[in-house]
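> Below is the structure I would like to discuss, written out as structure tokens.
The values are calculated or read from the model by the stated rules, or taken from the named source; none is laboratory data. Small disclaimer: the values here were computed from a predicted structure and weren't measured. So basically every Cβ, Gly included, is an ideal-geometry build from the backbone, and we count neighbours across all protein chains shown. Surface areas here come from the heavy atoms of the whole protein model, side chains and all, with no ligands, DNA or RNA. Shrake-Rupley method; radii C 1.70, N 1.55, O 1.52, S 1.80 Å.
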Amino acid sequence: MKYKILVLLMLASSCQAKSVQKLANTELSFIFSSMEVLYKNKSFPQIRVIQSWESQTECDGEYQTCPNARLFISVNTGDLYEVPALFELPKSKGWQYVSFVEHDDSFLLMIKTTLDHANVSAESRSKWRSKAYAIKISKYEYDELEVIEK
């Protein structure tokens with residue numbers, strides 16, 4: 001009932017609705033529509049770990065048929081006029097946050113690839129191997145990350 005009254009009030013007033021243009025960037029559309037923040041710290045620099053999918057498809061029993069997930073790491077100092085740094089790790093079938101440790105001059109982020117979400121056969125799952133990554137993020141230099149595959 002509240003919404004009907006609101007619509008009637010809008011129609012009765014001389015408000016004009018404006019259309020918004022649809023963006024044609026399908027890559028960005030997939031990133032935003034499927035993104036999930038796996039980790040976000042509460043200190044500076046602000047670090048966000050975001051997983052997003054390349055496509056919205058299902059697995060066909062074999063892990064190779066599953067869509068790839070992208071993993072983005074954003075580092076933002078919060079300073080005015082400074083562009084946040086954005087990094088992307090190699091694509092995988094899925095990502096999982098493991099831990100985050102603060103040191104005097106850096107942060108150490110642990111993540112690993114995962115297949116937990118996928119609907120694949122037990123035989124296919126047994127052939128897939130997870131990879132773990134240690135990512136060192138400097139508190140002062142944001143131009144690059146040190147990534148160590150475990």
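> Checking the condition touching a residue at least 40 places away in the same chain (Cβ under 8 Å) and more than 14 Å from the chain's Cα centre (by Cα), which residue from Phe87, Phe107 passes?
Values: Phe87 fails: more than 14 Å from the chain's Cα centre (by Cα).
Answer to the check: Phe107.
> Report, by residue number, each residue of the range 97-106 that is in contact with a Phe, Trp or Tyr (Cβ under 8 Å, 6 or more places away or on another chain) and either loosely packed, with under 12 Cβ neighbours inside 10 Å or basic (Lys, Arg) (or both). Walk me through how you get there before you give the answer.
Quick first cut of the range 97-106, residues in contact with a Phe, Trp or Tyr (Cβ under 8 Å, 6 or more places away or on another chain) only: 97, 100-101, 105.
Val101, Asp105 - these are the residues of the range 97-106 that are in contact with a Phe, Trp or Tyr (Cβ under 8 Å, 6 or more places away or on another chain) and either loosely packed, with under 12 Cβ neighbours inside 10 Å or basic (Lys, Arg) (or both).
> Filter the range 44-96 down to the residues that are open to solvent by less than 40 Å² (accessible area, probe 1.4 Å) and assigned to a loop (DSSP other than H, G, I, E, B) and list them by number.
Listed by number, the residues that qualify are Pro45, Ser55, Cys59, Cys66, Pro67, Thr77, Lys93, Gly94.
> Just one of (1) free of Cβ contacts under 8 Å to residues at least 40 places away in the same chain; (2) more than 28 Å from Leu28 (Cβ to Cβ) trips up Lys40, so point out which.
Every condition holds for Lys40 apart from (2).
> Let me ask you something else. Consider Arg129 carefully, then state whether it is open to solvent by 80 Å² or more (accessible area, probe 1.4 Å), in contact (Cβ under 8 Å) with a residue 40 or more places away in the chain and either in a loop (DSSP other than H, G, I, E, B) or in contact with a helix residue (DSSP H, G or I) (Cβ under 9 Å, 6 or more places away or on another chain) (or both).
On the way: open to solvent by 80 Å² or more (accessible area, probe 1.4 Å): yes; in contact (Cβ under 8 Å) with a residue 40 or more places away in the chain: no; either in a loop (DSSP other than H, G, I, E, B) or in contact with a helix residue (DSSP H, G or I) (Cβ under 9 Å, 6 or more places away or on another chain) (or both): yes.
No: the conditions fail for Arg129.
> Give the residues of the range 24-39 that are loosely packed, with under 11 Cβ neighbours inside 10 Å and in a loop (DSSP other than H, G, I, E, B), sorted by residue number.
Across the range 24-39, the qualifying residues are Ala24, Asn25.
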